[in-house]
1. Restricting attention to segment 127-169, report how many residues are within 14 Å of the chain's Cα centre (by Cα) and surrounded by fewer than 22 Cβ atoms within 10 Å (Cβ to Cβ).
2. Give just the number: which of (1) under 30 Å from Asp308 (Cβ atoms); (2) buried (at least 19 other Cβ atoms within 10 Å of the Cβ) does Leu401 not satisfy?
3. How many residues does segment 396-426 hold that are without any contact (Cβ under 8 Å) to a residue 24 or more places away in the chain, in a loop (DSSP other than H, G, I, E, B) and within 23 Å of Asp162 (Cβ to Cβ)?
4. May I ask you to list the residues in segment 324-381 that are β-branched (Val, Ile, Thr), under 27 Å from Gly294 (Cα atoms) and out of contact with any Gly (no Cβ under 7 Å at 6 or more places or on another chain)?
5. Could you check, for segment 46-56, whether at least one of its residues is within 25 Å of Asn398 (Cβ to Cβ), among the small types (Gly, Ala, Ser), surrounded by fewer than 21 Cβ atoms within 10 Å (Cβ to Cβ) and in the same structural domain as Leu287 (by TED's automatic domain parsing)?
6. Of the residues Leu287, Leu297, Leu262, Leu279, which is touching a helix residue (DSSP H, G or I) at 6+ places or on another chain (Cβ under 7 Å), within 29 Å of Ala355 (Cβ to Cβ) and assigned to a helix (DSSP H, G or I)?
7. Could you check how many residues of segment 76-97 are farther than 14 Å from Gly377 by Cβ, in a helix (DSSP H, G or I) and among the aliphatic types (A, V, I, L, M)?
8. Does segment 129-161 hold any residues that are out of contact with any strand residue (DSSP E or B) (no Cβ under 8 Å at 6 or more places or on another chain) and assigned to a helix (DSSP H, G or I), and which are they?
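The values are calculated or read from the model by the stated rules, or taken from the named source; none is laboratory data. Source: prediction; values computed, not measured. Cβ placement follows ideal geometry from the backbone for every residue including glycine, while neighbour counts extend to all protein chains displayed.
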Amino acid sequence: MQIPTRRRFLRSTGTVIALPALESSGFKAYAATKPMAPPKRVVFLGFGWGVTNETWYPDAKQTGPGWQISEGLKPLARHQAEITVVQGCSNKFSNEAHWGSTFWLTGANRYAEPGQSFHNSISADQVAAAHLGRETRFASIQLNSPDVQNSGHGPGLSMSWDLRGKPMAGLDNPVAAFHRLFSDETMPLRERQALLAQQRSVLDAVLEDAKRVQRGLTKTDVDKLEEYFQSIRDIEVRLGKDEQWLSIPKSKPPIPEPKPGLAGREEIKVMYDLIIAALQTDTTRVLTYRQPVGTLLQSLSLKVAPHDMSHYSAGDRMAASQKRDVVQSELLSGLIDKLKAVREADGSRLFDHVALAYGSNIRSIHFLDNCPTLLTGGGANLKLGQHLVLPKDTPLANVWLTMLHGIGVAAERHGDSTGLVKELQA
């Protein structure tokens, strides 16, 4: 008989939640003879306004494992053997120079729907969440910053887009993220059960009304109604998830509650700590973070406006851009340090089970080719420690498709992908 995982065990035998694992259940014997392999996780970290083209990218002539790290990436030197920088990728349909993350994870054509000036498709993190999010309280977590306006990200509520290409809301500050991840509900269980039942009742009534108007509609109206039905199905999935975890307390936070009002450098640092905490407690296995740029510059006492900085040529603007690159690399290097320091139940590093992508849809100024792309972590079984220069205009979605295959999602394609990046596969 197959023994369930601990999470399933707790859900399927609710009265055992407060008890130790009993030998008679077979759980103890199973755990002793066949420990569970740590799960795979995926993290996407995105920023706007691109990078300093002249000093962020490694020399294109130095490829493979023997590459020399660039000035903008120098704080990552201690991790060089476990990071891969990819050049040559872009989203071929991108045409907005100030949209750093809107299509970064989707590779969508904004004009794909006739008569619409904006269309998006599912983001890579949500493809991963459908596969990795079944066993966790949250299928995915979207992290944001209040400074989206000045950070060159473009439309969206986070970096994530659902199956219908609709924006998914994000948590806008570390305090909100902390409470979402770790604070238990104050409403009594019975009241929460009643509220969920009421929500289901309303949903059933709405669905019944919608079905009554199905006949005699034009194709356009049928399409709109199908989108409406899909939104109802999405709500049903979320309600089912809430019911599944209703009586299971949230994990105790491994870090203290963040101070309110954090911005810029401190915000990013604490958000990275929350990412570690969320993965460490298996609260979720998929996270995105749409990072600030404007407040980052302010926290570094740089008085150049973020948009002006991205249009550098020399002088203060270029200096600000280069400083931004170095500090972002320092923060990323600190995150990798912590991923390596945290140990799984089997003694392996958390780092070995996380696939992490870092970058932007913008290269610099108004250039949308050669998107800055850095990969690390062992979760997707990628070939790390190399500088990879792919043919010009290779779809960035090829990288995401390769990552998805590495975590066990055998998707045929993603966005505008044309195939896997064989050079990335270990």
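1. Total meeting the criteria: 10.
2. The single condition Leu401 does not satisfy is (1).
3. Counting residues in segment 396-426 that are without any contact (Cβ under 8 Å) to a residue 24 or more places away in the chain, in a loop (DSSP other than H, G, I, E, B) and within 23 Å of Asp162 (Cβ to Cβ) gives 3.
4. Val327, Ile336, Ile365, Thr376
5. No - not one qualifying residue is present in segment 46-56.
6. Numbers: Leu287 fails: assigned to a helix (DSSP H, G or I); Leu297 fails: within 29 Å of Ala355 (Cβ to Cβ); Leu262 fails: assigned to a helix (DSSP H, G or I).
The match here is Leu279.
7. Qualifying residue count for the region: 1.
8. Kept after step one, since they are out of contact with any strand residue (DSSP E or B) (no Cβ under 8 Å at 6 or more places or on another chain), are these residues of segment 129-161: 130-131, 134-138, 146-147, 149-150, 152, 154.
Ala130, His131 - these are the residues of segment 129-161 that are out of contact with any strand residue (DSSP E or B) (no Cβ under 8 Å at 6 or more places or on another chain) and assigned to a helix (DSSP H, G or I).
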